[in-house]
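Student: This structure is in structure tokens; I'll ask about it shortly.
The values are calculated or read from the model by the stated rules, or taken from the named source; none is laboratory data. None of the values given here were measured: they were computed from a predicted structure. All Cβ positions, even for glycine, are placed from backbone atoms using ideal geometry, and neighbour counts span all protein chains on display. Heavy atoms of the whole protein, side chains included, go into the accessibility calculation; ligands, DNA and RNA do not. Shrake-Rupley method; radii C 1.70, N 1.55, O 1.52, S 1.80 Å.
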Amino acid sequence: MGIFRFKQFDVLNERSAMKVNTDGVLLGAVTEVFPEDRYVLDIGTGTGVVALMLAQRLAGFGEDFRIEGIDIDGPSAEEASRNFASSPWNTHLTAHKAGLHEYSQSGMGGPGMPDLIVSNPPFFDNSLKAPDARRNAARHTGDNLSFREILEYASVSLSPEGRVSMILPAGTEAELLRFARMCGFAPWRIMRVRSKEGKPDSRIIVRFRRRRPGEPADCAEESSLVLTNEEGKRTSQHASLVTDYLL
């Protein structure tokens, strides 16, 4: 796959188990960042593309921020590290070969609680697995990372005003929201994504925050996104979302 070139950074896209893809770019573009976000954790970082997209925007707020990317797959973590090192924000980005449990127990992330947790987690629980074992680990939950593990970790590790942002198949929405409530989170914003107009939703991008006392369980701002028009080109909404990143 070589190098994937963005406007402000390049991404080596050869060794990671999960290549640069639409889901990751959408997650990086849609996830909100704020000036007070000083510590961001990208779980299952892959090539590091989501972390790099967030760093591009966080740099506009000043120099006092750090982003930690973790991936259980060694070659993915190594490739993310190279991509971080070659970026304009190399002093703010670190990649670790680690699963979430190892990361949380080892203290490798340093002091403080994440203000933002972002993840494009594996999601094919029951689908037929591909021959590539590393790609399986990146795309199938099994014994690997799942949104449940992320939300459980966030429930004890996220800063009080922090957020969690994830992209998942649309069919997981009911279970995702139910489990998030069990972990003390409320959906803050939900974007439903369709590949084309007239098609069913294929993805959801959900941003959670801790549920506040007396707050209703379903209080999310909802929006929708159609990726391509009848000619197969990006819709104006999609193009606007990624215009700061894609060439």
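Student: List pairs: first residue in region 77-98 and in contact (Cβ under 8 Å) with a residue 24 or more places away in the chain and in a loop (DSSP other than H, G, I, E, B), second residue crowded, with 19+ Cβ neighbours inside 10 Å and of a type in the set (Phe, Trp, Tyr) anywhere in the structure, Cβ distance under 9 angstrom, at least six positions apart or on different chains.
Tutor: Ser86/Phe9; Ser87/Phe9; Pro88/Phe9; Trp89/Phe9; Trp89/Phe65; His92/Phe65; His92/Phe84
Student: Another question, if that's okay. What are the residue pairs meeting all of these: first residue in region 34-56, first residue on the phi > 0 side of the Ramachandran plot, second residue hydrophobic (A, V, I, L, M, F, W, C) and open to solvent by 10 Å² or more (accessible area, probe 1.4 Å), Cβ atoms under 6 Å, and 6 or more apart or on different chains?
Tutor: Gly44/Leu145; Gly46/Met18
Student: Which of the residues belonging to region 53-65 are surrounded by fewer than 20 Cβ atoms within 10 Å (Cβ to Cβ) and not in a helix (DSSP H, G or I)?
Tutor: Within region 53-65, Gly62, Glu63, Asp64 meet the criteria.
Student: Return the residue satisfying two criteria in turn: it lies in region 1-44 and is touching a Ser or Thr at 6+ places or on another chain (Cβ under 7 Å) and of a type in the set (Ser, Thr, Tyr), and of such residues it is farthest from Asp64 (Cα to Cα).
Tutor: Ser16
Student: Somewhere in region 13-25, is a residue farther than 25 Å from Ser195 by Cβ and either in a loop (DSSP other than H, G, I, E, B) or open to solvent by 20 Å² or more (accessible area, probe 1.4 Å) (or both)?
Tutor: Taking every residue of region 13-25 in turn, at least one turns out to be farther than 25 Å from Ser195 by Cβ and either in a loop (DSSP other than H, G, I, E, B) or open to solvent by 20 Å² or more (accessible area, probe 1.4 Å) (or both).
Student: For Ile205, are the conditions met, namely being touching a residue at least 40 places away in the same chain (Cβ under 8 Å) and under 19 Å from Asn120 (Cα atoms)?
Tutor: yes
Student: Next question, about the same structure. Would you pick out the residues in region 66-101 that are of a type outside the set (S, T, N, Q) and open to solvent by 50 Å² or more (accessible area, probe 1.4 Å)?
Tutor: Across region 66-101, the qualifying residues are Arg66, Ile72, Glu78, Arg82, Ala85, Pro88, Lys97, His101.
Student: Same structure again: Would you check if there is a residue in region 220-235 being open to solvent by less than 80 Å² (accessible area, probe 1.4 Å) and part of a helix (DSSP H, G or I)?
Tutor: no
Okay, residues lined up against (1) crowded, with 18+ Cβ neighbours inside 10 Å; (2) within 17 Å of Arg212 (Cα to Cα); (3) of a type in the set (Lys, Arg); (4) over 16 Å from the mean Cα position of the chain (by Cα):
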site	(1), (2), (3), (4)
Tyr153	yes, no, no, no
Pro160	no, yes, no, yes
Met166	yes, no, no, no
Pro169	no, no, no, no
Leu176	yes, no, no, no
Arg181	no, yes, yes, yes
Ala186	yes, yes, no, yes
Val193	yes, no, no, no
Pro200	no, no, no, yes
